[in-house]
């Protein structure tokens, strides 16, 4: 009985460790290219992800001609999918070794337009298995949950929206920006091939362990 109890305790601890160790939140705040310069992440590996197509690390404090305090959820750095608003291109990322991963969610903010339609798609083994479209507003970082499980490619596309009037230039030649560009912060993913165990599963194992402990005490009496 003692060996069986130890074995089950080991299983329970492994599940708890997996539940807490595999999730990663990418804030982009540990890369500081210096000044207000952007940093291209095209095909670069950062935080366990290969940012394959048209991504740029952006300093929100320095790179936009307006108050952008609400574009970043944490710190000042965000990632901008530069290819997302190019038709039939999109911005794509994969796990650094090409393994399956799970995309849980992220904070999104549009840059110049309100009502930007951002479509996120997940692919597994050359097949599109997930697709979700969200509506994103300018200077308004908002968390969106996706929970795309066991994918090997993640794509971002964006379109539409209405310019809120941000622009630059002399008043006589003022240029208003009208673009479905957006940024991402707190990109949250799970590198585990298998989905994280459901809380009910952990609860069931915990209940079983408690039952075994109670049964063992009863036998002693």
Open item on the list: Take residue 145 and residue 128, extend 7 Å from each Cα along the Cα→Cβ direction, and tell me the distance between the two endpoints in nm.
Closed with: 2.5
Open item on the list: If I stretch the segment between residue 159 and residue 62 completely, what's the gain in nm (0.36 nm per residue apart, minus their alpha carbon distance), one decimal?
Closed with: 32.4 nm
- [ ] State, as an integer percentage, the relative contact order of region 56-138 based on alpha-carbon contacts under 8 Å between residues 6 or more apart.
- [x] 22
Task: Sites residue 44 and residue 74, calculated FRET efficiency, Cβ-Cβ separation with R0 25 Å, nearest 0.05 - done: 0.75
Task: Full-extension gain in nm, residue 24 to residue 89, via 0.36 nm per residue minus C-alpha separation - done: 20.7 nm
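No lab work stands behind these numbers, since they all come straight from the coordinates. Small disclaimer: the values here were computed from a predicted structure and weren't measured. Backbone-built Cβ (ideal geometry, glycine too); neighbour counts: all protein chains shown.
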